[in-house]
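Everything on this sheet refers to the single structure shown next.
The values are calculated or read from the model by the stated rules, or taken from the named source; none is laboratory data. Keep in mind that this is a model prediction, so the values were computed, not measured. Cβ atoms come from the backbone with ideal geometry, glycine included; neighbour counts cover every protein chain shown. Surface accessibility is based on the protein's heavy atoms, side chains included, excluding ligands, DNA and RNA. Shrake-Rupley method; radii C 1.70, N 1.55, O 1.52, S 1.80 Å.
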Amino acid sequence: MSVDTHPVRAGFAQVIGSSRPLSWINTAYPFAAAFLLAGGDHVVALVVGTVYFLIPYNVLMYGINDVFDYESDLRNPRKGGVEGVVLSDRWHRTTLWAAVLSNVPFLVALVWLGTGWSDLVLAISVFAVVAYSAPGLRFKERPVLDSLTSSTHFVSPAVFGVTLAGGSFTGPVLAVLAAYFLWGAASQAFGAVQDITADRGAGIGSIATAFGARRTVRLAMAGYAAAAVLMLGAGWPGNLAALVPAVYLVSVAPFRNLTDERCEDANRGWRRFLWLNLVMGFLVTQLLIVMALTS
């Protein structure tokens, strides 16, 4: 395969590759679904928010991560393809500029379209994205806080969607958001297991390096189980979605006795997780359509 040597195209490919295109939907979808279900009817707000959480938000989140995780990524055998490129140091400055320049116009627009509450949620969301990887903060290296911050990356767009639409945080809404948060924290914890050797070699801490592979997988299973229980409080037919975290629990269960020495075996489960997101996302979409039609 030939390598594109045109500097603009090569830089664009690196920036987009580092933003994990397969995962873009994971942040745009929660915002759009929450906005619409909360009764949002402002088309401009919906479009601007969806586009922001689809691309610029991910360029910021993963771009910062790949720039400041460069040394550990070089040691990580799973880097490449759908799990992110090893961002060449030649493009680090370009990636950071792309993150800033792509985010600022959308953030200004969303603040202008929003309210005090939505602005606060947006500020927390962006702070969590930056704090996870940026030097001096590096929440990703603080065990447990790494999982909580990572989950905030994916739940905060949904919370922002509700506040931007002027929706209410009823009992069922809170149950869904809490379940989603636990699902996200459990998923990040399981994802960290495969990197135990690489992270320890680079001197990077994580929930998995602190607790070890076996206990971290079991914590992830507990998180999925708790998420399923919380979803039972979402009301009919939303509580059918309790099956979703249960499926993830079953998916990671085979790794419950994994040793640290064989941590990279968890990559099989992580790859299954990436594609499982697409299937579960489709099923949740069908459920949301039913809920919208019957409400």
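Of all residues in the stretch 232-256, those that are open to solvent by 30 Å² or more (accessible area, probe 1.4 Å) and closer than 15 Å to Ala208 by Cβ total 1. Of all residues in the stretch 110-141, those that are within 19 Å of Gly63 (Cβ to Cβ), not in a helix (DSSP H, G or I) and not charged (D, E, K, R) total 4. When Gly63, Gly39, Gly49 are screened for being open to solvent by 40 Å² or more (accessible area, probe 1.4 Å), in contact (Cβ under 8 Å) with a residue 12 or more places away in the chain and small (Gly, Ala, Ser), only Gly39 passes. Across the stretch 262-277, a minimum of one residue is classified as of a type in the set (Asp, Glu), more than 20 Å from the chain's Cα centre (by Cα) and not in a loop (DSSP other than H, G, I, E, B). Among the residues of the stretch 40-61, those identified as over 19 Å from the mean Cα position of the chain (by Cα) and not in a helix (DSSP H, G or I) are Gly40, Asp41, His42. Answer yes or no as to whether Ala165 is open to solvent by 30 Å² or more (accessible area, probe 1.4 Å) and either among the charged types (D, E, K, R) or touching a residue at least 40 places away in the same chain (Cβ under 8 Å) (or both). Answer is no for this residue.
Scan the stretch 234-249 and tell me whether some residue there is touching a Pro at 6+ places or on another chain (Cβ under 6 Å), assigned to a helix (DSSP H, G or I) and either at pLDDT below 95 or within 23 Å of Ala175 (Cα to Cα) (or both). Within the stretch 234-249, one or more residues are touching a Pro at 6+ places or on another chain (Cβ under 6 Å), assigned to a helix (DSSP H, G or I) and either at pLDDT below 95 or within 23 Å of Ala175 (Cα to Cα) (or both).
Restricting the stretch 278-289 to residues that are under 18 Å from Gly238 (Cα atoms) and open to solvent by 70 Å² or more (accessible area, probe 1.4 Å) leaves a set whose member that is farthest from the chain's Cα centre (by Cα) is Ile289.
Being of a type in the set (A, V, I, L, M) and either outside any helix (DSSP H, G or I) or more than 24 Å from Leu110 (Cα to Cα) (or both) is the filter here; which residues of the stretch 177-197 pass it? Outline the logic, then answer.
So the first thing to find is which residues in the stretch 177-197 are of a type in the set (A, V, I, L, M), and the list is 177-179, 182, 185-186, 189, 192-193, 196.
Ala178, Ala179, Leu182, Ala185, Ala186, Ala189, Ala192, Val193, Ile196 - these are the residues of the stretch 177-197 that are of a type in the set (A, V, I, L, M) and either outside any helix (DSSP H, G or I) or more than 24 Å from Leu110 (Cα to Cα) (or both).
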